[in-house]
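Here the structure is laid out as structure tokens; the discussion comes afterwards.
The values are calculated or read from the model by the stated rules, or taken from the named source; none is laboratory data. Computed from a predicted structure; not experimentally measured. Positions of Cβ are backbone-derived with ideal geometry, glycine not excepted, and every protein chain shown enters the neighbour counts. These accessible areas exclude ligands, DNA and RNA; they are computed on the full protein's heavy atoms, side chains included. Shrake-Rupley method; radii C 1.70, N 1.55, O 1.52, S 1.80 Å.
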Amino acid sequence: MTESILGNEWYSERYFFKNVATSFKIKSVLHSEQSKYQKIDVLDTFALGRLLLLDGKTMVSDKDEFVYHEVMGHIPAMIHPKLKNVLIIGGGDGGIVREFVKHPEIERIDLVEIDERVIEVSKTFFPDCTSGLTDPRVNVLPQDGVEYIKTHKNFFDVIIIDSTDPEDFAAGLFTQEFYHHVYEALTENGIMMAQTENPLYDEYGIKSFYDNLRNVYPVVKSFTGPMLIYPGVFWTFAYASKGLLPTQFNESKIPFMSMLEKKLKWYNMDWHKGAFNLSNIHKSVTGC
Ligand code: SAM
């Protein structure tokens, strides 16, 4: 549970039971609106460049968005043997779509974002993040992911859950029932990925999230990547699959990725190979 304060000079987010705060000095407030779902603010900051807030919480910044978006896109893309159809639930900033469209074998990418104002604001203020949305393979669907997931069975090869915290209209994306629908929507080699908070603060009880995944998926792993804008920076992600291990590279993609990784800011295959070797605390908090 976080609480944020948007002052004239500083933006602060309080977390870990409001005992810790992170602040970023503001140059200006570039945009502010109340959509049908949430408050949407875009700040220009000295340290991060532009920063997107939803209901006062940090979502995306120029400075570190590539970490989150590259790991979510290229880890599954390097593993899946026949990647065709991808579903992203949430992700209205477009950053994950931008990474998936770099893979020519993908035929369809559905972006199911409940709040189309997030997409429109991101197009204006985060044009690099949204640069993949015009790709002809991309379907931008302003719908509720909780409902959309029920409309497809055995269809998507990769499903990424990139939502806001488990509250209000996002809460339905964190239930056992939803994970069951995700499993059913995935093909036989399906992979699902989601962010899973900070294991040192562990404010939300991360183990229960991974236990829920282990009730559904035979393979459940975790890895970490730093996110300056998230509480405590030490951020974790879940990889869950119907059988494919997260370091079982699709050999035929190695030549392509050897070229692509040179243009990426975080992801490379050497990092990927080591990313799932966890520290003791990461293992104990996630059970991976
Ligand atoms: N990467 C960011 C993070 O980890 O905090 C989140 C990126 S994205 C901006 C989160 C998006 O999830 C928001 O735009 C929000 O509107 C969307 N969202 C929340 N609940 C949703 C739902 N039930 N269906 C579809 N999108 C949803």
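How long is segment 58-209 along each principal axis, judged by its Cα atoms, biggest number first, in Å?
38, 36, 27
Full-extension gain between Asp211 and Ser28, please, as 0.36 nm times their residue separation minus the C-alpha to C-alpha distance.
61.6 nm
Translational diffusion coefficient of segment 36-80 at 10 °C, 1.306 mPa s, Stokes-Einstein with Kirkwood Rh over Cα pairs, in µm²/s as a whole number.
133 µm²/s
At 0.36 nm per residue, and after removing the present C-alpha to C-alpha distance, how many nm does the segment from Asp44 to Asp128 gain when stretched out fully?
Full extension from Asp44 to Asp128 adds 28.7 nm.
Longer than 20 Å from Cα to Cα, which of Lys84/Lys262; Lys102/Lys265; Lys82/Lys207 are they? Say none if no pair is.
Too far apart for the 20 Å limit: Lys84/Lys262; Lys82/Lys207.
What fraction of the Cα pairs in segment 1-142, stated in percent, has a spacing above 28 angstrom? Intermediate values should be presented prior to the final figure.
Working: 2282 of 10011 pairs.
Of all Cα-Cα pairs in segment 1-142, 23 percent lie more than 28 Å apart.
What is the distance in Å between the Cα centres of segment 77-151 and segment 173-196?
16 Å
Based on the Cβ-Cβ distance from Leu200 to Glu177, what FRET efficiency comes out when R0 is 41 Å, to the nearest 0.05?
After rounding, the FRET efficiency stands at 0.85.
Two-decimal Rg/Rh of the chain from alpha-carbon positions, Kirkwood Rh? Kindly include the intermediate steps, with their values, before the conclusion.
Numbers: Rg = 17.9 Å, Rh = 19.1 Å.
Expressed as Rg/Rh, it is 0.94.
Take the alpha carbon atoms of segment 162-240, find their radius of gyration, then divide it by 2.2 N^0.38 Å using N residues; give the quotient.
Numbers: Rg = 12.7 Å, N = 79, 2.2 N^0.38 = 11.6 Å.
Normalised Rg, Cα atoms only: 1.09.
For segment 151-288, max minus min Cα coordinate along each principal axis, in Å, sorted largest first?
43, 37, 25
Which aspartates and glutamates, if any, have their Cα less than 12 Å from the Cα of Lys153, not counting same-chain residues under 8 positions apart?
By straight Cα distance, Lys153 reaches Glu184, Glu188.
Using 0.36 nm times the number of residues separating Asn189 and Asn139, minus their current alpha carbon distance, what extension gain do you get?
15.8 nm
In debye to the nearest 20, how big a dipole does segment 171-252 give about its Cα centre with +1 on each Lys and Arg Cβ and -1 on each Asp and Glu Cβ?
The dipole magnitude comes to about 120 debye.
About the Cα centre, and with charges only on the beta carbon of Lys, Arg (+1) and Asp, Glu (-1), how big is the dipole of segment 65-286? Nearest 20 debye, please.
About 900 debye.
Would you work out the relative contact order for the chain, in percent, from Cα pairs under 8 angstrom that are 6 or more residues apart?
RCO, the chain: 15 percent.
Could you work out what % of the accessible surface of segment 111-183 is carbon and sulfur, using a 1.4 angstrom probe and leaving DNA, RNA and ligands out of the count? Before the final figure, lay out the partial values.
Values: 1680 of 3140 Å².
Result for segment 111-183: 54 percent of the exposed heavy-atom area is carbon or sulfur.
Given segment 2-61, what count of lysine pairs have C-alpha atoms under 17 Å apart, with each pair 8 or more places apart or on different chains?
Eligible lysine pairs with Cα atoms under 17 Å apart amount to 4.
Mind putting a number on the dipole of segment 2-61 about its Cα centre? Charges go on the C-beta only, +1 for Lys and Arg and -1 for Asp and Glu, and I need it in Debye to the nearest 20.
Magnitude of the dipole: close to 80 debye.
How would segment 2-61 be classified by its alpha-carbon gyration tensor: rounded, prolate or oblate, with rounded meaning a/c under 1.5 and the a/b versus b/c comparison settling the rest?
Note, shape of segment 2-61 comes out oblate.
How much area per residue is accessible in the chain when the probe is 1.4 Å and only protein heavy atoms are counted (Å²)?
42 Å²
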